[in-house]
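Here's the structure, in structure tokens; my notes come after.
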Amino acid sequence: MKLCMIGTGYVGLVSGVCFSDLGNDVVCVDKDKNKIDQLKNGKIPIYEPGLSELVIKNYKNKRLTFSSDLKSSVKNSDIIFICVGTPTKKKGSSADLSQVFNVAKELSLSINKFKIIITKSTVPVTTGDEIEKILSKKNSKNKFSVVSNPEFLREGEAIRDFTFPDRIVIGTNDKKSNKILKNLYSPLISKGAQYINTSRRAAELIKYASNAFLATKITFINEVANLCEKTGINVEDISIGMGLDKRIGSRFLRAGPAYGGSCFPKDTKAIISTADKFNTNLSVIKSVVKSNENRSNILLNRVYKILNNKIKNKKITFLGVTFKANTDDMRDSSSLTMIPALSKKGAYIKYFDPTGYKKEFKKFKNVSYVNSIKKSLDNSDLVIIHTEWNDFKSINFKNINKGKKFIIYDMRNIYLPSKIKSQGFKYYSVGR
Ligand SMILES: NC(=O)c1ccc[n+]([C@@H]2O[C@H](COP(=O)([O-])OP(=O)(O)OC[C@H]3O[C@@H](n4cnc5c(N)ncnc54)[C@H](O)[C@@H]3O)[C@@H](O)[C@H]2O)c1
């Protein structure tokens, strides 16, 4: 099949390259010419394990191409995936759909034969209806079909998630499109993925409801961790004890910093905003958002307490600043709240992240990037393990800096408290 991915970011690039690896001809389009030029030169603009090899392989065998010419790419394709960003609006909390609607307007001028137009971007209920209206202005309805096919991949595990998804959700009432898409996804269905055909609106809501539910799980265990800290209980025992119940499940039940990233924060707000539009109060999700927004303050207060409220001139190390491991994505990472707050109080912050320097901290004079774990620990008073990269899981704190002692605040509960304490370090973690 000839596919066109519009938007070559985390979702468009990963799904595009995976579709090409399954034998389809795929063109990945982006309005960012620089990104397209980089990709044509074999440079991958994002960090995602395994992506580079797969892009180069499929680019070389010519099943994968890159372009900034949307019109001709669409004209030459049968199925168009819209994979552009849907961030929170600058004013308010609803999803900013301007990128999606701009693409729809461009598409409406490029439909030369029957096309299936798919929203892979996460879009609120009724967005498909709006896209259909835009396309209908310039095209007769038998020339296109608008389908919702939300993407569930996780950054850091994106290729595996795309290739072995739990489910493939296709939101359409159009039998012809459903048949074509079932065929497109048949290599994944034959490996065990469940294929679900729903209404378009249901598919749109499945994505938001799923993300809101996962965000709720994280927030739930974070609040339980607060109680554990007050009662001398190890939250890891609670996670295991709860997670073994199949109705609950153990994933997304690990206490830590506020959830962040490019999806949960914006999607929880957007589903609330959609529900408000339809006079429905999603009170559970509203309290999740509020609790998560306060999470960084709770962890910061713990930092202040650990340092006896003497923050000025303290040397603080951050190990990892992205919102989670195995990605370079900084969007809504809790480090973006915590580092500026500590810097404002006069601390000197050094950070090391396996994905390198982050422009987000450029404006802070007392925040600097160092290129190794060892350098980041030099003369540190407090080491904060912010992200659970494998690189941080077996640091020999005792030997790494000539036995110099610092305090460790392990926000991911990576280490066994007794082991680190026995090496003479003051050690704090979350909910235990
Ligand atoms: N990142 C994830 O883990 C993830 C997972 C599932 C779903 N999603 C959803 O997928 C969507 C895309 O997310 P992302 O993280 O890939 O975004 P991203 O910001 O990484 O990529 C979006 C790309 O779209 C391009 N773009 C914008 N307007 C364009 C236009 N008119 N023509 C061509 N290109 C255009 C941008 O230049 C950018 O490269 C969002 O709705 C997001 O919620 C993301």
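List the lysines whose alpha-carbon lies under 24 Å from that of K137, not counting same-chain residues fewer than 8 positions away?
By straight Cα distance, K137 reaches K31, K71, K75, K105, K113, K115, K120, K175, K176.
Using the alpha carbon gyration tensor of the stretch 232-432, what are the three equivalent-ellipsoid semi-axes (square root of 5 times each eigenvalue), largest first, in whole Å?
30, 21, 15
Classify the stretch 1-121 from the C-alpha gyration tensor, please: rounded if a/c falls under 1.5, else prolate or oblate depending on whether a/b exceeds b/c. Please list the in-between numbers first.
Working: a/c = 1.91, a/b = 1.23, b/c = 1.55.
Taking the square roots of the gyration eigenvalues as a ≥ b ≥ c, the stretch 1-121 is oblate.
Could you give P(r) for the stretch 12-63, binned at 5 Å from zero, as whole percent values over all Cα-Cα pairs?
Result, from short to long distances: 4, 22, 35, 27, 11, 1 percent.
Could you state the angle between the C-alpha long axis of helix 200-231 and the longest principal axis of the C-alpha atoms of the chain, as a value from 0 to 90 degrees rounded to the nearest 10?
10 degrees
Based on the mean of other beta carbon atoms within 10 Å per residue, what is the order of 364-375, 255-266, 308-319, most packed first? Provide the component values of the computation, followed by the final result.
On the way: 364-375: 14.2, 255-266: 23.9, 308-319: 17.4.
Peptide ranking by packing, descending: 255-266, 308-319, 364-375.
GluC sites (Glu not before Pro), restricted to the stretch 42-151: which are DSSP loop and have at most 16 other Cβ atoms within 10 Å?
Values: sites: E53, E106, E130, E132, E151; in loops: E151.
Sparse-neighbourhood loop GluC sites (Glu not before Pro): none present.
Report, in deg cm²/dmol and to the nearest 500, the calculated mean residue ellipticity at 222 nm for the chain, where each DSSP H run with n ≥ 4 adds -39500 (n - 2.57) and the sum is divided by the residue count. Don't skip to the answer; put the middle values down first.
On the way: 17 runs with 181 residues, N = 432.
When only DSSP H runs of four or more count, the value is -12500 deg cm²/dmol.
At a 1.4 Å probe, what is the % contribution of carbon and sulfur to the accessible area of the stretch 2-198? Provide the component values of the computation, followed by the final result.
Working: 4270 of 8740 Å².
That share works out to 49 percent.
Rounded to the nearest Å, what's the spacing between the alpha carbon centres of the stretch 132-191 and the stretch 357-409? Just the number, please.
Spelled out, the Cα-based centre of one part sits 43 Å from the other.
Could you work out which residue, out of S283, S52, S145, moves most in a Gaussian network model of the chain, that is, has the largest mean-square fluctuation with Cα springs under 10 Å?
Of S283, S52, S145, the Gaussian network model singles out S283 as fluctuating most.
Could you state the accessible area per residue of the chain in Å², with a 1.4 Å probe and every protein chain left in place?
Values: 20310 Å² over 432 residues.
So the chain comes to 47 Å² accessible per residue, rounded to a whole number.
What does the convex hull of the Cα atoms of the chain come to per residue, in Å³, rounded to a whole number?
On the way: hull volume 67.2 nm³, N = 432.
Convex hull of Cα atoms, per residue: 156 Å³.
How many nm is it between the label spots at K404 and D237, if each spot is 7 Å from the Cα in line with the beta carbon?
Placing both labels 7 Å along Cα→Cβ, they lie 3.7 nm apart.
Could you state the number of Å between the C-alpha centres of the stretch 252-313 and the stretch 58-93?
32 Å
The values are calculated or read from the model by the stated rules, or taken from the named source; none is laboratory data. What you see is a predicted model; the values in this text were computed from it and never measured. Here the Cβ is made from the backbone with ideal geometry for all residues, glycine too, and neighbour counts use every protein chain on show. Accessible surface is based on the protein model in full, side chains and every heavy atom, while ligands, DNA and RNA are left aside. Shrake-Rupley method; radii C 1.70, N 1.55, O 1.52, S 1.80 Å.
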